Amino acid sequence: MTKIMLVASGDLRESANLTCWQAQAAMEGRLAEVLADMGHSLVRAHPVKPAGHGFIASQREGMDVFAGLDPTAPLIVAEAVWQYSHHVLAGLYAHKGPILTVANWAGQWPGLVGLLNLNGSLTKAGVRFSTLWSEDFSDEFFLNGLQMWLKTGTIEHNLQHVRAFDPAMVPGPDAATARAIADDIRTRKVILGVFDEGCMGMYNAIIPDELLMPMGIYKERLSQSALYFASREVPGAEARAVYDWMRARGMTFHLGQDPATELTEAQVLDQCRMYVAAVRLADTFGCEAIGIQYQQGLKDLCPASDLVEGMLNNADRPPVTRAEGSVIRPGRAIVHFNEVDECAGLDGVLINRLHGALGQPVENTLHDLRWGEDFVLDGKREFVWLFEISGAAPAAHHAGGWAGSDSVRQPPMYFPSGGGTLRGVARPGEIIWSRVFVEGGALHMDLGRGRAVALPETESRRRAQATSPEWPMMHAVLAGVSRDAMMARHRANHIQVVYAENAAAADRAMLAKAALADALGITVHLCGV
């Protein structure tokens, strides 16, 4: 009998670890049963704590756990929840034995999201690993993959949907547009405003400066304390004007009286203050895009940044003026990269520039690849993803725009200071999806096509309740990429999405974007198209 070691990386927020532990424990129990049936034992490398959960909850704790492990032992990292990858990155980086990351296919907690973040972080770090996922760990795909890993220490997934981009695919005028944008970026430069790097352990979301600078892209490293101070300096009348602007557009705010569990007007007004401050700081420092970390630090000081982020990413947004009275970037989105995901920030800048030049919608956002299931669409069974992000999608993506958007209090488990989301269900339409990532010390981009689809209201509500109903979501079908192929290939928890006016325009924009990335020195991989 072979002893298989298990580690479980968790959240930095104890409230989340305690709330989600039951699902994690059930997953680990099922894994132990499957391995026992195969003649192996699964042994936790760290105990369940007296506090009531068994997660590694800090980087130091993870280092100490791995210090007591046989560095050659076969190791499973099991994740049923969102996890901070840096809790275990040091140990996995030094581990010599075979590594398998495993998640349960469920929407309840973001276990799939945590798995993909860890996979992206290991890919960037150059750590060899294998990965699997399953609903109940009894399906042929999972069992065959697990048997392969136990015998060989590795799993080879089918990635035939990925092919190299050929610049000859791009029509001459669009190739010229891409080159012109790339030349302008290199000549005039771009600044990404980074309000503290490394949100929630997302090592994969940090692009080394030396990979950005040859493209003409630089970081302005800003402090969240500066944003907090600037927010406090915004007069109440300005915050009220932003709030009234959204309500005049038809947005609904679900307000209550208890700030500990309900969304209050005071929380929303504080979010409006942050929005004004963020726009002005972007203008002051000349940032084409900004990213707010929020989760650590600001979560203990002020309401969530998500409503702010959704406003920033919308071309039609509340006006903010400079001291002398002129409006800052009227009619233009200010690209925001949620959770300071610099890969998404770079992607968002390229999309904003290119789609503006092509006359296509510029509003783009990242989402988590949260979960999904099969559904029958027009008589055909298809896999429909649920893309979901913590409250920051632009209103232009929602059916009904601002009037089709609403705001509810963020879950207290993650957001003790409250704050509202910018929630909605994404409208049907043609989309381009993408992901910038770091591998082998270089920048890459996966790029593909798909469509956002409308599901019956009952099904959409069911999916929302199966995940985080407070958050905006997109029901998406990806062209030419199966569920398992997407999971096996994707190098991040996040996926970037943008609309085009129709299928032909989306195909054109996708290839033009590939040409733009290629012109900047990013290796482009077309997926499923």
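Every number in this text was worked out from the coordinates using simple rules, so none of it is lab data. Owing to the predicted nature of the structure, the values given are computational and were not obtained by experimental measurement. Note that we place each Cβ from the backbone using ideal geometry, even for glycine, and neighbour counts take in every protein chain shown.
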Filtered residues of region 401-434 (kept if surrounded by fewer than 18 Cβ atoms within 10 Å (Cβ to Cβ), closer than 30 Å to Val529 by Cα and more than 20 Å from the chain's Cα centre (by Cα)) | Pro428
In region 213-227, which residue that is farther than 14 Å from Ile292 by Cα and touching a residue at least 24 places away in the same chain (Cβ under 8 Å) is surrounded by the fewest Cβ atoms within 10 Å (Cβ to Cβ)?
-> Pro214
Filter result for Phe337 (under 29 Å from Tyr84 (Cβ atoms) and surrounded by fewer than 20 Cβ atoms within 10 Å (Cβ to Cβ)) = no
Only one of Ser482, Ser460 that is of a type in the set (Ser, Thr, Tyr) and within 25 Å of Cys20 (Cβ to Cβ) = Ser460
Go over the candidates Gln267, Gln271 one by one and state the one that is farther than 29 Å from Ile351 by Cα, part of a helix (DSSP H, G or I) and under 26 Å from the mean Cα position of the chain (by Cα).
-> Gln267
Selection from region 377-392 of residues assigned to a strand (DSSP E or B) and touching a strand residue (DSSP E or B) at 6+ places or on another chain (Cβ under 8 Å) yields Leu377, Arg381, Glu382, Phe383, Val384, Trp385, Leu386, Phe387, Glu388, Ala392
Taking helices (runs of 4 or more DSSP H) that do not extend beyond region 413-529, which have at least 2 residues that are among the acidic types (Asp, Glu) and touching a residue at least 24 places away in the same chain (Cβ under 8 Å)?
-> 503-519
In region 274-318, residues that are part of a loop (DSSP other than H, G, I, E, B), in contact (Cβ under 8 Å) with a residue 24 or more places away in the chain and under 24 Å from Gly404 (Cβ atoms) total 8
Could you please give the count of residues in region 228-264 that are under 23 Å from Ile292 (Cα atoms), in a helix (DSSP H, G or I) and free of Cβ contacts under 8 Å to residues at least 12 places away in the same chain?
-> 1
